[in-house]
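Asker: One structure coming up, written as C-alpha cells, with questions to follow.
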Amino acid sequence: MPFISVAEEVADKSFTSVENKFITKYMPVLEPMAVKVYLYSLYLYQSGKTAFTLSDLAASLQIDEDKAIEYFRHLEEFELVSVISGTPFEVKILDAENVYGTPKKFKPEKYSDFAKSVQNVIKGRMISTNEFREYFCLLEEYGFEQNALIMIINYCVNLKGDDIRYSYIVKVAKTFAADGDTTAAKVEARLSAFTASTPALVKLFNAAGIKRQPDPDDDGLYKKWTAEFGFEEAAIIAAAKIFKAKSVEKLDSALCELYKNRKFDVKEIADYCNTKNSVYALTLQIAKNLGVYVQNPAPYAENYVGDWCNFGYSNSCLEKLSSYCFKNGKNSFGDMDAFLKELYDDGIVADESVDGFISEKIAEDKVLKRILSDCGLTRKVISWDREALKRWRSWNFNDDMLFEAAKLSSGKSNPLAYMNGILSSWKTEGIFSADKIIVQTPARRKPTDDRDERAEIERHYAELRHAAEDKAEKALAAAMSDGTYAKMRKELNDLSIRLAFAEIRDEKQAAEISAQIENLTQKATLRLKELDMDESQFTPRYSCTVCNDTGYDKEGKPCECLKRFLKTL
C-alpha cells in the first residue's frame, strides 16, 4: 500500500500546484512561516483571487504586514519570489529552478570562526541554519566587520536574554548599518555612548512606569528629545508623569506636542496641561463665532488656536477677532489663521492694538457704506472696496472728496469704476478740495459730452474685464468637471495647508510635503495636458497687461491703451 493516498472525493476537488523542487530543495531550509507565505501566495494566484491584498494575506496567516514583508524578503533571497514594488506592495513568484539566477549561498568554512563566536554568545539555544544565513548576509551585504557584528549580537543578548529572536538582532544591526556604523571601532563607540545615557533612561523608565529595559531605539529618541528638541531631564520626567505616558511612543508623542507649542520648562509644561482644557473650550467658542461645526476640537486646538495663543493673543481677543472674521467673510479656521498671521506680522497682538484695528476697520466700512449708497448701490462691502479705499486715500483724497466723487458716479453702469476714473482725473489735475471742483469743472469741459464719453470708457473696460474673467472661470470649471483633476486640486490645497504648519514645526516634514506637492503638481499638469488645457487658462488674460483692463496704471495715471481708445471715440 502506498505511503500516501487520497480519497476519491479529494481527487475531484481543486488543488494548488507546487513544484517538487520547492519541496525537496527549499522547504527543508526555509522557516515554517516562510513556507506558509509561499504556499499561500501560490494558492492566491492559482485560485485567481486577484483582489487579495498584503493585509488580507497577513490576516489569514495571523501575522502583521511588516512580518509578511519580512518573509517575502526572505523568500526573495532564495529567489523564489521577486518584490517588484514597495508601494503598493507587489510580488512575482519565480521558478523554483532559479531561471533568474541561483540562491544566495554562503560557504560555512568562510565564517566558521564567526559562527563559533556567535554560538558562544547565544548559549541558551542552538542557532539554526537560517539564522546563520541572516548573519552571513549582514556581513556580506551590509559590510559589517565580524567583530562589529559579534559586539552587536552580544549587546542584544545581554539586553534581551538567550531566548532573543534573531529578527531583533538583525533589526538592530541594520539600524547601525543605516548610520554607517559597521566597523568594530564605530560600534564600540556607539554602544559606549548608549551605555552613558542608560542611567538617565532607566531613571526615566522608572518614573514613567515603563516595565522594560532601554534599548538603542530608546537612546535615539532620548537624544532627539534632549539634543534636537532641547528638553532637560527634569522636563522629560515631568512630561511623562503629567501625560501619564506608559510607553516610549506615547512619551515621544507628548514631547512632540510640547515642542510644537514651545513648552520646555517644567512649569511651562504643567501650565500648558492645566490650560489645555480651556484652549479646547476656546476652540469651541471660536468655532461657534465662525459658524463652523466642530465635533472634535482637538485638531483645531492643536493646529490653529494653540498657535494663536502662542502668538500672544488673549482668549477674549480671539473671540472678538473670530466674530470680526465671520462678519467679513472669513468664516473658517483656515481663513482666520491667514488673517491673524497678517495681524501678527504687522505687530497687532495686544488687546489694545486689536481693539484699535477693529475700530479702524469698522470706521472704514462706514465710509464705504456711504460711498456705496451715494453711488446708488445697496450691496455689502467687499474686499475690493477696501482695497479701493486704501488706494484712494493713498492718492491724498479725504472722505468728503470721496463722497463728492461717489455722488457724481451715481446712475452710471459701473459707478465704482466711474468713480475711480473721476478721482484719477482729479489727482492728475491737482484737485483735492470740493471748492476746486465747483470752480474748475465747468470751465474745463462740457458736462454732458464728458459724462457720455466717460460712460463709454467704463462700459468698454468693464466688457473687456468681464470677457477675460468669464473665460478664465469657464476654463477652471471645465477642468474641475474632470474627477481626476478635481481630486488632485483638492489634495494640493490640503497639502499646502499642511505645509504651512510643517514649515513652523518640522523642517524635515516640510521638505517631504514640498516633494509631495511638486510630484502631485506634475501629475496635475500632465492631467491638464491630457484634457488639452494648462493652468495659465485659469488666470484672466486681460487685453492690456499694464492696467489689467481698467484704463489706469498702478499709480492712477491713464494707461496708453486708454489713450488709444479715446482716439477711436
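Asker: Once the Cα atoms of helix 166-178 and of the chain are each reduced to a long axis, what angle between those two axes, in degrees from 0 to 90 to the nearest 10, is obtained?
Answerer: The angle comes out near 50 degrees.
Asker: Under a point-charge model restricted to the Cβ atoms of Lys and Arg (+1) and Asp and Glu (-1), what is the dipole moment magnitude of segment 192-260 relative to its Cα centre, in debye to the nearest 20?
Answerer: Values: 10 positive and 10 negative charges, 67 e Å.
Its charge dipole is roughly 320 debye.
Asker: Right, here's the next one. Counting other beta carbons within 10 Å of each Cβ, put MET126, MET401 in order, fewest first.
Answerer: Ascending number of Cβ neighbours within 10 Å: MET126, MET401.
Asker: Stretch LYS361-ASN296 to full length: gain in nm at 0.36 nm per residue minus the Cα-Cα span?
Answerer: 20.1 nm
Asker: If R0 is 25 Å, what FRET efficiency do you get for GLU518 and PHE89 from their C-beta distance, rounded to 0.05?
Answerer: 0.55
Asker: If we count other beta carbons within 10 Å of each Cβ, what is the order of PHE22, PHE52, fewest first?
Answerer: The fewest-first ordering by Cβ neighbours comes to PHE52, PHE22.
Asker: Return the label of the correct value of volume of the Cα convex hull per residue in Å³, as calculated from the structure shown, out of (i) 263; (ii) 221; (iii) 184.
Answerer: Answer label, from the structure shown: (i).
Asker: Quick one: of LYS67/LYS203; LYS369/LYS427; LYS330/LYS366, which pairs are farther than 30 Å apart, Cα to Cα? The partial results should precede the final answer.
Answerer: Numbers: LYS67/LYS203 32 Å; LYS369/LYS427 23 Å; LYS330/LYS366 19 Å.
Pairs exceeding 30 Å: LYS67/LYS203.
Asker: With charges set only on the Cβ (+1 for Lys and Arg, -1 for Asp and Glu), what does the dipole of the chain come to about its Cα centre, in debye to the nearest 20? If you can, show how the numbers build up before the last one.
Answerer: Details: 79 positive and 89 negative charges, 206 e Å.
Using Cβ point charges on Lys, Arg, Asp and Glu, the chain gives about 1000 debye.
Asker: Show which lysines lie in cross-link reach of LYS490 when reach means a straight Cα distance below 17 angstrom and same-chain residues fewer than eight apart are skipped.
Answerer: Hits, sequence-local ones excluded: LYS523.
Asker: Please list, or write none, the lysines whose alpha carbon is within less than 20 Å of the alpha carbon of LYS567, excluding same-chain residues fewer than 8 places away.
Answerer: Within the straight-line cut-off, LYS567 pairs with LYS446, LYS557.
Asker: About the Cα centre of segment 184-326, how large is the charge dipole given +1 on each Lys and Arg Cβ and -1 on each Asp and Glu Cβ? Please answer in debye to the nearest 20. If you can, show how the numbers build up before the last one.
Answerer: Numbers: 18 positive and 17 negative charges, 59 e Å.
Roughly 280 debye, rounded to the nearest 20.
Asker: Nearest 10 degrees is fine. How inclined is helix 483-505 to the longest principal axis of the chain, computing both from alpha carbons?
Answerer: 90 degrees
Asker: Using 0.36 nm per residue, how much length does the chain from LEU531 to ASP346 gain when fully extended, once their Cα-Cα distance is taken away?
Answerer: So the extension gain works out to 62.3 nm.
Asker: Using the number of other C-beta atoms within 10 angstrom as an exposure proxy, rank ARG386, ARG262 with the fewest first.
Answerer: The order, fewest Cβ neighbours first, is ARG262, ARG386.
Asker: Using +1 at the Cβ of each Lys and Arg and -1 at the Cβ of each Asp and Glu in the chain, identify which of TYR111, ASN206, LEU416 lies farthest towards the dipole's positive end.
Answerer: Towards the positive end, the residue furthest out is LEU416.
Asker: Distance between the C-alpha centers of segment 209-262 and segment 134-205? Whole Å please.
Answerer: Between the Cα centres of segment 209-262 and segment 134-205 lies a distance of 22 Å.
Asker: What is the angle, in °, between the Cα long axis of helix 248-260 and the longest principal axis of the Cα atoms in the chain? Nearest 10 is fine, range 0 to 90.
Answerer: With both axes taken from Cα atoms, the answer is about 20 degrees.
Asker: Given the pairs LYS487/LYS529; LYS412/LYS554; LYS327/LYS412; LYS327/LYS471, which span a C-alpha to C-alpha distance of over 21 angstrom in this model?
Answerer: LYS412/LYS554; LYS327/LYS412; LYS327/LYS471
Asker: Tell me the mean residue ellipticity at 222 nm calculated for the chain from its helices only (DSSP H runs of n ≥ 4, each -39500 (n - 2.57), averaged over every residue, nearest 500).
Answerer: Values: 25 runs with 366 residues, N = 569.
Calculated mean residue ellipticity at 222 nm is -21000 deg cm²/dmol.
Bear in mind these aren't lab numbers, they're just calculated from the coordinates by the rules spelled out. Keep in mind the model is a prediction, meaning the values are calculated, not measured. Heads up, the Cβs are rebuilt from the backbone with ideal geometry, glycines too, and the neighbour counts pull from every protein chain shown.
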